[in-house]
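First comes the structure, then the notes that go with it.
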Amino acid sequence: MKRILGIIVINILLICFAFFLIEGIIWACENLRMKIYNEKYIGQWPLPFHPGVKQFNIDLDYYPNPKKQWGREPVGLNYKNKPIVLFGDSFAYGYKLENEQTFYYKLSQITKRPVYVRAVPGWGIQHMLYQTRIDKFYEQVPEPEYAIFLMINDHLRRLYTINLLSGHFLNEERNLRYKLKDGKLIQITDSNILLKPIKKLYLTNKIHQMYLNNVILNHKNYSEYSKFAIEHFVESRNELQKHWKNTKYVIILYQHIYNEKNFIQKLRDKGFIVIPIFSLTNINLNDKEYNIDESLHPNEKAWDLLTPLVVKDLNL
């Protein structure tokens, strides 16, 4: 009996050591990835080993905070026309652009309207939904004539991914995610005490990344993940309509996505105005002259071209 118990204890210790070794290897590889790709993250390298899980949260009393690149201040507040609110990520935010070089600034200048920017690099459709459920949001943003979401193809992946970049992965900063329960989107908070230690593992997160890229986002599952994305748009609009009765809802699709004609039509069937921005011009927006470095983020020249086309299409 003692011999069997000893074998069990040894095997448990070996399994624990194996998990620790795997966690250490993943930690080292992700830190090395940050170094190779020059991923800047809170001025620290290497990042510590399992510093503690941090669930997503926004305190709108401290948003926007441009000094920390946490959003942008609204522009054009001196204009008297009905405002526009713009949701999205780094494209809507104006990654590496000065205020005057951005889409939202040029949109304000051309239309003579205030534009409220509710975008941060790395955000997705779910971050629009999150804001629409907070009363403080409606104190900060008056009823607009247009609510616009600027969408890229990675927004589909971001609905599911646990972490965005290696820095978030290592620092255990959880991406905002929702799950559909009883016909309503509910925020995922990993509150199950029994599952927390398992979900905390770097290995678990790596397995989830592989499952996401190879199964969830597989083209065979298009109907599921596209339906999930559309549900985020619909619930966001439903929340906004509780406060804004006369707003028009626009989705600007900046990049091509799989089966986009079907996706666009389903959104239009739901009552959204959809603008595939690449249909407004024959110019290849992936050309270097329209992007910042190799990141494929639009530069000022891209917005000089595209903003008037969007304004004309919406008849602003």
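Figures for the structure shown
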{"item": "Rounded, prolate or oblate (a/c below 1.5 giving rounded, otherwise prolate when a/b exceeds b/c) for segment 1-141 by Cα gyration tensor", "result": "prolate"}
{"item": "Modelled label reach - ASN214, point 7 Å along Cα→Cβ, segment 159-194 residues with backbone N closer than 18 Å", "result": "161-162"}
{"item": "Of LYS220/LYS261; LYS220/LYS266; LYS136/LYS248; LYS106/LYS261; LYS266/LYS288, those spanning more than 24 Å from alpha-carbon to alpha-carbon", "result": "LYS106/LYS261; LYS266/LYS288"}
{"item": "Dimensions (Å) - segment 125-214, Cα atoms, principal axes, largest first", "result": "46, 30, 28"}
{"item": "Dipole of the chain [Lys/Arg +1, Asp/Glu -1 at C-beta], most positive-end residue of PRO121, LEU309, ILE283", "result": "PRO121"}
{"item": "Prolate/oblate/rounded label for segment 180-228 (Cα gyration tensor, a/c 1.5)", "result": "oblate"}
{"item": "Interchain or long-range residues, amide H under 5 Å from ASN153's placed H", "result": "GLN255"}
{"item": "For the chain: span of alpha carbons on each principal axis (Å, largest first)", "result": "83, 43, 41"}
{"item": "Portion, in percent, of the accessible area of the chain that falls on carbon or sulfur, probe 1.4 Å", "result": "56"}
{"item": "Relative contact order %, the chain, counting alpha carbon pairs below 8 Å whose residues are six or more apart", "result": "19"}
{"item": "Residue-normalised accessible area of the chain, expressed per residue, 1.4 Å probe, Å²", "result": "54"}
{"item": "Between segment 10-86 and segment 125-172, the Cα center-to-center distance that results, in Å", "result": "15"}
{"item": "Gaussian network model of the chain, Cα within-10 Å springs - most flexible of PRO121, PRO66, PRO74", "result": "PRO66"}
{"item": "For the chain, size of Cβ-based charge dipole, Lys and Arg +1, Asp and Glu -1, in debye", "result": "780"}
{"item": "Label-point separation, THR281 to ILE110 (7 Å along Cα→Cβ), nm", "result": "0.9"}
{"item": "Whole-angstrom Cα spans of segment 53-110 along principal axes, big to small", "result": "44, 24, 19"}
{"item": "Highest-fluctuation residue, PHE137, PHE20, PHE87 considered, GNM on the chain with Cα pairs under 10 Å", "result": "PHE20"}
{"item": "Selected from LYS68, LYS245, LYS179 as most flexible by GNM, with the chain as the system and alpha-carbon contacts under 10 Å", "result": "LYS68"}
{"item": "For segment 210-316: rounded, prolate or oblate by the Cα gyration tensor [a/c cutoff 1.5]", "result": "oblate"}
{"item": "Rounded tilt (10° steps) of 260-269 against the dominant C-alpha axis of the chain", "result": "60"}
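The values are calculated or read from the model by the stated rules, or taken from the named source; none is laboratory data. Keep in mind the model is a prediction, meaning the values are calculated, not measured. Cβ atoms come from the backbone with ideal geometry, glycine included; neighbour counts cover every protein chain shown. We work out accessible area using only protein heavy atoms, side chains counted, and drop any ligands, DNA or RNA first. Shrake-Rupley method; radii C 1.70, N 1.55, O 1.52, S 1.80 Å.
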